[in-house]
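Here the structure is laid out as structure tokens; the discussion comes afterwards.
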Amino acid sequence: LVGLSASLILTGCKKDEEAPPAPTPSHPTPTIYQRLGGTTMVNDPANPGTMVEQGYLGLRSVVDSTIFVIAGDAQLQPYFAVLLAEVGSGDLTGFAALSENLTEFFAVATGAQNYTYSGMNMVDAHNSANPRMTGLVTDADFDQFIVDLVAGAAQNNVPSAIVTDIGALVETLRDDVVQQ
């Protein structure tokens, strides 16, 4: 009986000393970039024979579509007068630079790890001292930019939940972009 009691006490102590079960590992919420395809490599339709991250390609597609939407938007066209004049004369270097800068900006801002943004900060990019900027942005114009961005995303079948998250990200830039 004493042996049984000691055995039960020791067994009881062993159970108390055992480590608690490991918590179930939590899965971090995927970044916007990951939700757009992330680092999965795909063919780049703009550069045959070149591979590009699917997240970057998705963002570039939205950026390019948005630039075209803006080009047709009478409210925002004045801000892009320099770019539109270049494109109208057949010079696409400004368009290519804007596309690359905005895509890199969005890639980094949405969680890409393999890209860097080396363009201007948002204050300097939208300041009248920037020779490519032809006016100071108002709140109404910023709102219209978001409308055009949503239209560019819709042209690329971006899921609405991702569009909402990108819109929230862009909204964090309002104080830097709106300077009037």
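With the simple model of a label 7 Å out from the Cα in the direction of the Cβ, ALA161 to GLN179 spans 3.8 nm. Got a sec? Which residues in segment 139-153 would a label at THR172 touch, if it sits 7 Å along Cα→Cβ and we count backbone N under 18 Å? Only 146 fall inside the zone, counting backbone N under 18 Å. Amide H contacts under 5 Å for VAL137: GLN179, GLN180, restricted to partners 5 or more places along the chain or on a different chain, H placed in the peptide plane at 1.01 Å from N. When a 1.4 Å probe is rolled over the protein heavy atoms, the share of accessible surface on the chain that falls to carbon and sulfur comes to 60 percent.
What is the packing order of peptides 29-36, 101-108, taking the mean over residues of other C-beta atoms within 10 Å and listing the highest first?
Put in order of decreasing packing, that is 101-108, 29-36.
Using a simple spin-label model with pseudo-atoms 7 Å out from Cα toward Cβ, VAL123 and ALA46 lie 3.0 nm apart. Using a probe of 1.4 Å on the protein chains alone, the accessible area found for MET120 is around 90 Å².
Rounded, prolate or oblate: which fits segment 30-91 when a ≥ b ≥ c are the square roots of the eigenvalues of the alpha-carbon gyration tensor, with rounded for a/c under 1.5 and prolate only if a/b beats b/c? Oblate, since a/c reaches 1.5 and b/c is not below a/b.
Across segment 140-156, rounded Karplus estimates of 3J(HN,Hα) from the backbone phi angles (6.51 cos²θ - 1.76 cosθ + 1.60, θ = phi - 60°) give 4, 5, 5, 4, 5, 4, 5, 4, 5, 5, 4, 5, x, 5, 4, 4, 10 Hz, Gly and Pro being marked x.
If you average the alpha carbon positions of segment 145-174 and of segment 52-110, how far apart do those two centres end up, in angstrom? Centre-to-centre distance over Cα atoms comes out at 14 Å. In the chain, helices alone account for a calculated mean residue ellipticity at 222 nm of -16500 deg cm²/dmol, with every DSSP H run of four or more residues adding -39,500 (n - 2.57). The amide H of THR110, built 1.01 Å from its N in the peptide plane, has no neighbour under 5 Å, considering only residues 5 or more places off or on other chains.
Starting from the Cα of THR29, move 7 Å in the Cα-to-Cβ direction to define the label point; list residues of segment 110-154 whose amide nitrogen is under 19 Å from there. Under cut-off, by backbone N: 110-113.
The values are calculated or read from the model by the stated rules, or taken from the named source; none is laboratory data. Computed from a predicted model, the values in this text were never measured in an experiment. With ideal geometry, Cβ positions are generated from the backbone for all residues, glycine too; neighbour counts draw on all protein chains shown. Heavy atoms of the whole protein, side chains included, go into the accessibility calculation; ligands, DNA and RNA do not. Shrake-Rupley method; radii C 1.70, N 1.55, O 1.52, S 1.80 Å.
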